[in-house]
Amino acid sequence: MAASALNCKVGKTPFIYLGLPVGGNPHRHSFWKLVIEKFRSKLVSRKGKLLLIGGRITLLTSVFSALPLFYFSILKVPKGILKELIRIQKNFLWGTSDESKKIAWVNWERVCLAKNKGGLGNPNLAIKNIALLGKWWDKFYDDAENEKLWKKITISKYYSGTSIVSISNTTSSKISAIWKDILSISRDCERNTKCFSEGFSRQLGDGYGTRFWKDAWVETSPLMLVFPRLFKLTLGENLLVADLKPTKGEGWILQWRRPPFGRELDELQILEDILQNVSIFVGKSDQFIWKHCPAGYTTKMAYLFLDMSPPCLDIFYCKLIWSHLIPTKVSVFSWRLLLNHLPTKDNLIQRGIDLASRFGCVLCNGYLEDANHIFAICIYSQSIWSRICCWWGFSLVFPDKALDLLTQLCSLPVPQDVKDCWVLSIFTTTWAIWYFRNGIAFNKLEWDEDNLIELVKTKTFAWIKGKLKPAAFCFSD
């Protein structure tokens, strides 16, 4: 009747408003169908075939930054949805499609590590979701948000007068699904608890904005919860800190209904010890702070705090391969080499690929082909390294491991002003050796040492010239 009178359509829930579904259940798969379809449409395999690995990594990061952030900032993503989004990302990165299945050469947890930890810097969706939801904790504690409508409604509906954590103690049927998920992030693990429940505290100024008993300002929880016996005994449940300690006084003015005794005296002694080092700063307002960053809560800093994954590469190598001079495709190749995740015959056999006894080195037809043999032991690659070192005026003793060889080369006493150029030539050489190896294996090409050396020199010069404009030297130099 009303719709007919107003000449409006009769809608139904859920519906999309400002980009978000309204009225649906965020814990159901159907609720996330729109996000999944957008993800899939942007990261289709045909786009991946047209892009080099560097372009795919850039697209992965940009798609995540653009598409799901709105959802991730409001809603806690179910684990099943996270797995599906990760599967789409993983297939795009490694080139898997409906027609062909490709090997995921590096564990996805490693891919999502920061570059200085040995990863590709692709965000971990689960951690990013938690860090974004944490902004609501920060907003709730921010006094600048006090006059905002959302905060007034939340406080009037849920707030019991202690802290945001107290909302979770409200009858579960009264809490919206969104707020329930926002509050639950602090209980997911111990690290999350430190980040949120214990991460925000009241920084004391003049004491006029902090309630002595009901705000968390000297402990992670309000004093009314830490000292329940004393709270029942106090005469001023809602008194401010400034009311109990005058700015020019030395002691705290604590008033009781009766003299404390027994366990109450024990609590009082502990409380007095805590208050002994507390100072009031006249002219400075009280405010909430996030303990883990002096500049306050940011999604980036929360992500770094929550990501406790150990590094998989030494920082020494991470800085080298992600040098500003090295192209992304060479950086990613070098990253896989250092992790020993190149598709060498040794690694293919370990993954159950039948090579029909053709497991010898493609270059010398000798030993089992692995990364150590191709880049450090094979006589063909040793000859290349000798000529590269001669080009730069060095001599070399060959170790039997590729990692040791790269460490030795990168540690040579090269003048600081050309250090980056030297590192570029090292990793360009590894890339060129693998490039020629693939040409021999798949295109029946012949090994041409002079051609490979020329490729290293021209590529090194071209990439330096492209990054350092104008180049202070010419190719002949």
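The values are calculated or read from the model by the stated rules, or taken from the named source; none is laboratory data. All values reported here derive from a predicted model rather than from experimental measurement. Here the Cβ is made from the backbone with ideal geometry for all residues, glycine too, and neighbour counts use every protein chain on show.
Numbers for the structure displayed
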read-out: Any hit, the stretch 449-469, residues being over 34 Å from the mean Cα position of the chain (by Cα), of a type in the set (S, T, N, Q) and not in a loop (DSSP other than H, G, I, E, B); value: yes
read-out: Residue match in the stretch 364-375 (condition: at pLDDT 90 or above, under 36 Å from the mean Cα position of the chain (by Cα), assigned to a loop (DSSP other than H, G, I, E, B) and charged (D, E, K, R)); value: yes
read-out: Lone qualifier among Ile321, Ile349, Ile326 - being of a type outside the set (D, E, K, R) and surrounded by fewer than 18 Cβ atoms within 10 Å (Cβ to Cβ); value: Ile349
read-out: Identity of the residue in the stretch 195-220, among the basic types (Lys, Arg) and without any contact (Cβ under 8 Å) to a residue 60 or more places away in the chain, that ends up surrounded by the most Cβ atoms within 10 Å (Cβ to Cβ); value: Arg211
read-out: Unmet requirement for Val77, which otherwise passes all of (1) in contact (Cβ under 8 Å) with a residue 12 or more places away in the chain; (2) part of a loop (DSSP other than H, G, I, E, B); (3) closer than 30 Å to Pro343 by Cα; (4) of a type in the set (A, V, I, L, M, F, W, C); value: (3)
read-out: Output for the stretch 307-317, where each listed residue is within 12 Å of Arg110 (Cβ to Cβ) and surrounded by 13 or more Cβ atoms within 10 Å (Cβ to Cβ); value: Ser309, Pro311, Cys312, Leu313
read-out: When residues of the stretch 228-247 are limited to those that are under 45 Å from the mean Cα position of the chain (by Cα) and of a type in the set (Val, Ile, Thr), the one modelled with the lowest pLDDT; value: Thr247
read-out: Residue among Ser201, Ser184, Ser197 that is part of a strand (DSSP E or B) and of a type outside the set (Phe, Trp, Tyr); value: Ser201
read-out: Trp431 being closer than 24 Å to Leu355 by Cα, surrounded by 14 or more Cβ atoms within 10 Å (Cβ to Cβ) and within 31 Å of the chain's Cα centre (by Cα); value: yes
read-out: Subset of the stretch 351-380 (residues that are without any contact (Cβ under 8 Å) to a residue 60 or more places away in the chain, closer than 21 Å to Thr407 by Cβ and in contact with a Ser or Thr (Cβ under 9 Å, 6 or more places away or on another chain)); value: Asp370, Ala371, His373, Phe375
